[in-house]
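The values are calculated or read from the model by the stated rules, or taken from the named source; none is laboratory data. This one's a predicted model, so the numbers in the text were calculated from it and none came from an experiment. Please note: Cβ atoms are built from the backbone with ideal geometry, for glycine as well, and neighbour counts cover all protein chains shown.
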Amino acid sequence: MIDENFIATSCFIFPDGFFSEEILKKMNSDLSKDFFDKTGIPSRSKDITLVFHPYDFRYERKIINDTYLTIFKFKLSVNNFGFMVIVHFTQFSYGTLPITPFSKIFNEDEIEFRFDELPIEDIQKEYSKNVFDRKKIRKDLPFEFEVDNSIGQSFYFVIYHNLPDDEIIEKKMESTFNSWNSKLEKSNSISPIHNLIKEKFLPSKYSIFYLDLGYTGFKALNLFLGNLQKIEEVSKVYLTVNCEDL
């Protein structure tokens, strides 16, 4: 539930029904700026997903120094890893009608949302797991490898080749996906690859797959790349978040 005008600068996802659209827009904008300022994570990063979950949702209002202070408690998921956080909602104009999470008419200069408690080091650690690092890609690839710096855990896996039929490539991608996920039955330490979908095929040019690695990291990616090097007709692999122009 994010206002499209704020996607470029804020990326929190809030539960439906707990705030008015007007409060949600202000909350999203303020908390996004506060989050990125405090954590140092790039605000346009595609490597992070932030979702608020109501935790015993009640709000407590206090009057401090002629201001209304409302305190929320949330569970904040950072890439599916949960942290308990405290959000302070301050109204600077004590004496006027109090602004609530459901208010629709208010002066935006009157209110401010910010984090009171944020486990910055833990969040930075969780974020760093998904930041793409070319140094972790295997070095023995016989084909060209290119990647958008903006990719996260899901992206388009573009395989350039000169095959009139890509059945051998499709089988190799599917077998890699299945062999990785079959290990889950034997080990609790392995995360699953979430999704593999064939999106497009152009004979003697390329095959495009949508791949969601989940939280498997570079080991799973290197497995896909390593298995593809067995196909001599593959000339390049390109990872991107947008394949519309191909």
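Okay, here's what the table says:
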item	result
Of residues in region 158-206 being part of a strand (DSSP E or B) and of a type in the set (Val, Ile, Thr), the one nearest to the chain's Cα centre (by Cα)	Ile197
Region 124-147, subset in contact with a strand residue (DSSP E or B) (Cβ under 6 Å, 6 or more places away or on another chain) and at pLDDT 80 or above, residue farthest from Gln229 (Cα to Cα)	Val147
Matching residues, region 151-169, being surrounded by fewer than 16 Cβ atoms within 10 Å (Cβ to Cβ) and under 14 Å from Ile208 (Cβ atoms)	Ser154
Region 178-222 - residue that is of a type in the set (A, V, I, L, M, F, W, C) and without any contact (Cβ under 8 Å) to a residue 24 or more places away in the chain and, of those, nearest to Ser154 (Cα to Cα)	Leu196
Answer residue from region 207-226, given it is more than 14 Å from Phe145 (Cβ to Cβ) and not in a strand (DSSP E or B) and is farthest from the chain's Cα centre (by Cα) among those	Leu223
Residue selected from region 233-245 under the condition in contact (Cβ under 8 Å) with a residue 12 or more places away in the chain and not in a strand (DSSP E or B), by the criterion farthest from Gln153 (Cα to Cα)	Glu233
